[in-house]
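J.: The structure under discussion is supplied below as structure tokens; questions concerning it will follow.
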């Protein structure tokens, strides 16, 4: 299994601390470090060199300003590509080789913040309005072309892409369509990305679903999702699990102890996934025994989760709603 670890809010200087490098080297955990727009510098060069010398494959994870949507998406594709070009110009200046580049395709941050800020029934109405406003086939096609060019450019530099995607993409996979990707502003399937890692963060989805998706049943959902990802993407299919700390929204539920995440790892492995990333390094390092997270992951055997009819009904409802969407 290839093990990766996301690092969104840790500085490159902290990530390149010899003790952290030694920890990740011990468990062969490849770091994926966020590079906020405008923050390139010597510390990032030191980060890439330190992990390359440790025999690991570090990934740079470019993010844009909050006003631009933070994550790359349909609306900011040209701006994101421009930033990627700048990163490789910088790499040339620093005489660096970048093994992996993260293209974190997600709905714009300001849209999630608008939805998160709505209360009660207004939350569902706000989400519906936001996602309807995203449906634009012409803009989607233009973004697809830009991201295809970006993928070709990155590969031409001897680098591979690691692309996190939201689990809802599964509904498009079943229909060989791109409808939901357009709603989410995240073009995935039309581009030949190198690795596509589905973000099934069970602590988050279970915690924010208000009991709709129970934590003890969530591994079964993850298992079915990963089987479909594997069927569609083959060897390019990967999984991201978590959380071990809050993310960009700041209020996400997360696991406090490694054993809480263990069923997710076992389910992903049972589905045939052999590339797993954990979010996030910051949470792991705050733990009394950071190594316990990696010991758990490396020591987990594949295990198919118990069947949940509740999960099957939720998935059936999702397919029904998908068919109703235009």
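J.: Show me the helices (runs of 4 or more DSSP H) entirely contained within the stretch 255-326 in which 1 or more residues are within 18 Å of residue 169 (Cβ to Cβ) and touching a helix residue (DSSP H, G or I) at 6+ places or on another chain (Cβ under 6 Å). Working first, answer last.
T.: Details: elements: 258-270, 281-286, 291-299, 309-324.
Fully inside the stretch 255-326 and qualifying: 258-270, 309-324.
J.: Somewhere in the stretch 192-207, is a residue closer than 23 Å to residue 137 by Cα, at pLDDT 95 or above and more than 14 Å from the chain's Cα centre (by Cα)? Explain how you work it out, then say what you get.
T.: Going residue by residue through the stretch 192-207, those that are closer than 23 Å to residue 137 by Cα are 192-193, 196.
Now drop any that are not at pLDDT 95 or above, which leaves 192-193, 196.
Adding the requirement that they be more than 14 Å from the chain's Cα centre (by Cα) leaves 192.
So far as the stretch 192-207 goes, yes, one or more of its residues are closer than 23 Å to residue 137 by Cα, at pLDDT 95 or above and more than 14 Å from the chain's Cα centre (by Cα).
J.: Continuing with this model, one more query. Any idea which of 239, 249, 243 is under 30 Å from residue 145 (Cα atoms), touching a residue at least 40 places away in the same chain (Cβ under 8 Å) and surrounded by 21 or more Cβ atoms within 10 Å (Cβ to Cβ)?
T.: 239
J.: Another question, then. Among 227, 174, 139, which is the only one that is modelled with pLDDT under 95 and assigned to a helix (DSSP H, G or I)?
T.: Details: 227 fails: modelled with pLDDT under 95; 139 fails: modelled with pLDDT under 95.
Of 227, 174, 139, the one residue that is modelled with pLDDT under 95 and assigned to a helix (DSSP H, G or I) is 174.
J.: Let me ask another. Can we say residue 150 is at pLDDT 95 or above and either out of contact with any helix residue (DSSP H, G or I) (no Cβ under 9 Å at 6 or more places or on another chain) or in a helix (DSSP H, G or I) (or both)? Step through it out loud before you land on a result.
T.: Details: at pLDDT 95 or above: yes; either out of contact with any helix residue (DSSP H, G or I) (no Cβ under 9 Å at 6 or more places or on another chain) or in a helix (DSSP H, G or I) (or both): yes.
In short, yes.
J.: Which condition does residue 214 not pass, out of (1) modelled with pLDDT under 95; (2) part of a loop (DSSP other than H, G, I, E, B); (3) crowded, with 22+ Cβ neighbours inside 10 Å, if it passes all the others?
T.: (3)
J.: For residues in the stretch 21-39 being in contact with a helix residue (DSSP H, G or I) (Cβ under 7 Å, 6 or more places away or on another chain) and over 23 Å from residue 86 (Cβ atoms), which is surrounded by the most Cβ atoms within 10 Å (Cβ to Cβ)? Even if it seems obvious, please write down each step before you answer.
T.: Residues of the stretch 21-39 in contact with a helix residue (DSSP H, G or I) (Cβ under 7 Å, 6 or more places away or on another chain): 21, 23, 27, 29, 31, 33, 35, 37.
After this cut, where a residue has to be over 23 Å from residue 86 (Cβ atoms) as well, the list is 21, 23, 27, 29.
Values: 21: 18, 23: 19, 27: 15, 29: 21.
Within the stretch 21-39, the match that is surrounded by the most Cβ atoms within 10 Å (Cβ to Cβ) is 29.
J.: Going by the conditions given, is residue 258 within 26 Å of residue 61 (Cα to Cα), buried (at least 16 other Cβ atoms within 10 Å of the Cβ), in contact (Cβ under 8 Å) with a residue 24 or more places away in the chain and over 18 Å from the mean Cα position of the chain (by Cα)? Outline the logic, then answer.
T.: Values: within 26 Å of residue 61 (Cα to Cα): yes; buried (at least 16 other Cβ atoms within 10 Å of the Cβ): yes; in contact (Cβ under 8 Å) with a residue 24 or more places away in the chain: yes; over 18 Å from the mean Cα position of the chain (by Cα): yes.
Considered against the rule, which asks whether it is within 26 Å of residue 61 (Cα to Cα), buried (at least 16 other Cβ atoms within 10 Å of the Cβ), in contact (Cβ under 8 Å) with a residue 24 or more places away in the chain and over 18 Å from the mean Cα position of the chain (by Cα), residue 258 comes out as yes.
J.: Now for a different question. Yes or no: the stretch 262-282 includes at least one residue that is within 24 Å of residue 33 (Cβ to Cβ), out of contact with any strand residue (DSSP E or B) (no Cβ under 6 Å at 6 or more places or on another chain), modelled with pLDDT of 95 or more and surrounded by 22 or more Cβ atoms within 10 Å (Cβ to Cβ).
T.: Restricting attention to the stretch 262-282, the residues satisfying the condition of being within 24 Å of residue 33 (Cβ to Cβ) are 264-265, 268, 273-282.
In the following step, the residues that additionally are out of contact with any strand residue (DSSP E or B) (no Cβ under 6 Å at 6 or more places or on another chain) were identified as 265, 274, 282.
Restricting the remaining residues to those that are modelled with pLDDT of 95 or more gives 265, 274, 282.
Then drop every residue that is not surrounded by 22 or more Cβ atoms within 10 Å (Cβ to Cβ), which leaves 265.
Yes; the residues of the stretch 262-282 include at least one that is within 24 Å of residue 33 (Cβ to Cβ), out of contact with any strand residue (DSSP E or B) (no Cβ under 6 Å at 6 or more places or on another chain), modelled with pLDDT of 95 or more and surrounded by 22 or more Cβ atoms within 10 Å (Cβ to Cβ).
J.: Out of contact with any strand residue (DSSP E or B) (no Cβ under 9 Å at 6 or more places or on another chain), assigned to a loop (DSSP other than H, G, I, E, B) and touching a residue at least 12 places away in the same chain (Cβ under 8 Å): does that describe residue 180? It would help to see each step written out before you state the result.
T.: Values: out of contact with any strand residue (DSSP E or B) (no Cβ under 9 Å at 6 or more places or on another chain): yes; assigned to a loop (DSSP other than H, G, I, E, B): no; touching a residue at least 12 places away in the same chain (Cβ under 8 Å): yes.
No.
J.: Give the number of residues within the stretch 24-45 that are within 19 Å of residue 296 (Cα to Cα) and touching a strand residue (DSSP E or B) at 6+ places or on another chain (Cβ under 8 Å). Before the answer, list the steps.
T.: So the first thing to find is which residues in the stretch 24-45 are within 19 Å of residue 296 (Cα to Cα), and the list is 24-31.
Checking the rest, the ones that are also touching a strand residue (DSSP E or B) at 6+ places or on another chain (Cβ under 8 Å) come to 24, 27-31.
Number satisfying all stated conditions: 6.
J.: Let me ask you something else. For the condition closer than 26 Å to residue 283 by Cβ and touching a helix residue (DSSP H, G or I) at 6+ places or on another chain (Cβ under 6 Å), what is the one hit in 184, 204, 222? Walk me through how you get there before you give the answer.
T.: Numbers: 184 fails: touching a helix residue (DSSP H, G or I) at 6+ places or on another chain (Cβ under 6 Å); 204 fails: touching a helix residue (DSSP H, G or I) at 6+ places or on another chain (Cβ under 6 Å).
Every option except 222 fails the conditions.
The values are calculated or read from the model by the stated rules, or taken from the named source; none is laboratory data. Remember, it's a predicted structure, so these values are computed and weren't measured experimentally. Neighbour counts run over all protein chains shown; Cβ positions are idealised from the backbone, glycine included.
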